[in-house]
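This report concerns only the one structure given below.
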């Protein structure tokens, strides 16, 4: 083995080390920061919505939605498929399948007088849930593979539509098959 071969091996090992550091340490931190920043944006828009006088800061719907978003932000690092499955198993073993947050949310939504405000609140909730679903799917190689396969199947079956819409719909469908969305919100509210 010559000096050129040894140099190539050392350079390749250093490059592989940098790639491993980026992939295993920095990328997860970056994903978490992006998740939290996205959730902060939606929460800030919700605050601006309430500050504009559309809904009171003391209204139960506003408070529940903000509580859910704060829980997602605070415990976003624990929002993984593995932890979600473990928590679901714990729920089923202890018969804790009461979705108190969802019940309170439905009651709070019914108390909102204006249809436009109700629609806006549901939109905020859906956006926050979609951000959480994206975090779960992109963080799991299993779900990411399923996402690609189901997206291709969906495009073949339904014809070509917006790739963003296909991935969004398929992501939601994948997570809904594994986890009830109310469970996600319940865990965020408990946080």
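The values are calculated or read from the model by the stated rules, or taken from the named source; none is laboratory data. Being a predicted model, the structure only gives us computed values, none of them experimental. As a convention, Cβ positions derive from the backbone with ideal geometry for all residues, glycine included, and neighbour counts pool all protein chains shown.
The table below lists the values:
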quantity: Residue in the stretch 44-64 that is modelled with pLDDT under 90, in contact with a helix residue (DSSP H, G or I) (Cβ under 8 Å, 6 or more places away or on another chain) and part of a loop (DSSP other than H, G, I, E, B) present; calculated: no
quantity: Matching residues, the stretch 51-72, being crowded, with 20+ Cβ neighbours inside 10 Å and either over 17 Å from the mean Cα position of the chain (by Cα) or without any contact (Cβ under 8 Å) to a residue 60 or more places away in the chain (or both); calculated: 55, 61, 62, 64
quantity: Residue count for the stretch 70-81, restricted to those that are under 15 Å from residue 189 (Cβ atoms) and in a helix (DSSP H, G or I); calculated: 7
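Residue-wise test of (1) buried (at least 18 other Cβ atoms within 10 Å of the Cβ); (2) within 16 Å of residue 85 (Cβ to Cβ).
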position: 103; (1), (2): no, no
position: 112; (1), (2): yes, no
position: 125; (1), (2): yes, no
position: 128; (1), (2): yes, no
position: 141; (1), (2): no, yes
